[in-house]
Structure formats: structure tokens, C-alpha cells
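Reading through the C-alpha cells given below for one structure.
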Amino acid sequence: MTDSVGTPDPGRIPPRPVETPYAVPEPVPAPVPAPSGQPPRWAWWVIGIVVPVLGTVATVLASSGRSGTPGAAGGATPSPTASATFTPPAPPPTAAPTSVSPQPAVAVPDLSAPAGYRPQQTRWGVAPPICGTGVLVDLDTGTPASFELESAGDTPPAERTATAELDYRPHSQGCGMSGIEPSVTELRPVTGRSVGVLRAGRPLTFEECRMAAGTGFGPVRMGGPTATERGLVRGAALCSVTDRGSVAMALIEDVSDETTPALGGRLIVWAEG
């Protein structure tokens, strides 16, 4: 085999591959730190979870607080603590009570009776008469009955006074201009009856009452100083030996303050038999 030296045959020698030119790699940039004053990226994830949870807790606590504590608008039921510490306002000062003159206390009557008598207890009462009428009271029963008067000095018919002991009528000067309501009344015993006043403070007994019945009293103008002087006040008693022979004690317990007062109280009758 003959080697020949000469120019290479381009058809027989493959072309040399072209090499890629060498490039210097660029440096990898360092991570950029987060700007100062801003939380890192992972903190936003935490905040995104925590904030809804805190909002739910705050809503529950606020609802619980409103159910037990009165709001600013009012209407809620106060808590037990608030009710316990509440102090009611002091009541306004009131006017001083009007002084009332003391009245004698009414003693308890002694109902014991001597031999031949038996005690009975009921009530009596008489209202102020109107002009033109009078009132008779039977102290055996305490029953009042009215009768007509043409003038203040008239005497009631004998058949009307046969069972009566007291006579309550308008005073002679009490039916002037009005003609209806008397301005003054008077109490008197029926003519021929044994009636007297047992003064307040005396023992309310059979013997005391029988003795007082013999003292008698004339017409007494009621509702003024004359009645007080004559002993016709609360705590006293009107005593009588009745037409039936009984000893009657009419206690003056109810007496009004008008100038024409109403009278009444308990009636103790020691009846024979």
C-alpha cells in the first residue's frame, strides 16, 4: 500500500465539529432580606389564622357580657351584685303630725251583778237630730226613736216618753237661718226619769252606776265647753234606773268632734230577775 502525501481529500476527511464558545457563568444573586419593619412572609400565614380565632372569641365574650350586664340603653335585668348594693332613695320629709288632745281611756266595766240582777250587754247610739225633730233613747235596749218638735222647747208626747230615758234635740238657738241642720244640740234626761253622769275615771260597776243615776242633770249643750264641764266626755257614762227597774250604764265611747256630735258606745244593763 502506497501512502501518498499531499493535499487531503476533502471528500474523505469529515469536517471538524465546531465547538461552543466557553461562557463564564453568572453569579447567583443572594436572597434579598425583607425590608425592616415588615414581618416575614410566614408571619402573614400565622396572622391569617389567629385573627379570625380572636374575632370569634371576642364575639362570644361580648354576647355573654350583654346577657348579664345592663347596656347603656337600659332594659337588661341588673346583676345580683348590682341589686344587692342598691340603696333606695330616702322618702321625702313629711309634715309633723297635728297634735291631738289626749282623751281619757275607757275602763273595762265590771259586769258582776248583785243577787236578783243579771247583766246584759249591747250597744246604744244617737245621731244629731235635724231641725223640727228630736230623738228619744230607751236605755233598756239602746233603741233611738225620733219625734216631731214645733219648737225647741216642746215636750214630746207622754206615750212616746213612757219607755225613754234620754232626749237629744236641737238647741233653742240652733235652728235660726238654716232651718234644717242645727248649729247647736243639747242632751237632757226625759222628765221624771232618774238619769245622771258617771264621770270618767270612776269604777264602772253596778253600785257606782246606781248611785250616779240619782244625781240627775239638766239640759246640756253639746259640742262645747259646757259638755266637758258637766262630764259628758269620752270615758264617762250615762246611768239610769229605767222604767223597768233595771240599772243601765250607757258608756260614752264614740263621740265626734263636731259642735253637734254623735254619741254612742257599749250599753250595760243589769236587769231584774
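The values are calculated or read from the model by the stated rules, or taken from the named source; none is laboratory data. Being a predicted model, the structure only gives us computed values, none of them experimental. Ideal geometry is used to build each Cβ from the backbone, glycine not excepted, and the neighbour counts take in all protein chains shown.
The table for this structure:
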read-out	value
Complete set of residues in the range 204-218 that are modelled with pLDDT of 95 or more and not aromatic (Phe, Trp, Tyr)	Leu204, Thr205, Glu207, Glu208, Cys209, Arg210, Met211, Ala212, Ala213
Selection status of Asp243, under 15 Å from Thr141 (Cβ atoms) and assigned to a loop (DSSP other than H, G, I, E, B)	yes
Of the criteria (1) β-branched (Val, Ile, Thr); (2) touching a residue at least 40 places away in the same chain (Cβ under 8 Å); (3) more than 16 Å from Val126 (Cβ to Cβ); (4) not in a loop (DSSP other than H, G, I, E, B), which one Thr228 fails	(2)
Residue match in the range 189-210 (condition: free of Cβ contacts under 8 Å to residues at least 60 places away in the same chain, in a helix (DSSP H, G or I), in contact with a Lys or Arg (Cβ under 8 Å, 6 or more places away or on another chain) and surrounded by 21 or more Cβ atoms within 10 Å (Cβ to Cβ))	no
Hey, Cys209 of a type in the set (A, V, I, L, M, F, W, C), farther than 29 Å from Val108 by Cβ and more than 42 Å from the chain's Cα centre (by Cα) or not	no
Candidates Glu186, Glu207 - the one that is farther than 22 Å from Arg234 by Cβ and of a type in the set (Asp, Glu)	Glu207
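So that you can scan it fast, the table gives a plain yes or no per residue for (1) at pLDDT below 85; (2) over 19 Å from Thr259 (Cβ atoms); (3) among the aliphatic types (A, V, I, L, M); (4) not in a loop (DSSP other than H, G, I, E, B):
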{"position": "Ala115", "(1), (2), (3), (4)": "no, yes, yes, no"}
{"position": "Gln120", "(1), (2), (3), (4)": "no, yes, no, yes"}
{"position": "Gly134", "(1), (2), (3), (4)": "no, no, no, yes"}
{"position": "Phe147", "(1), (2), (3), (4)": "no, yes, no, yes"}
{"position": "Thr163", "(1), (2), (3), (4)": "no, yes, no, no"}
{"position": "Pro182", "(1), (2), (3), (4)": "no, no, no, no"}
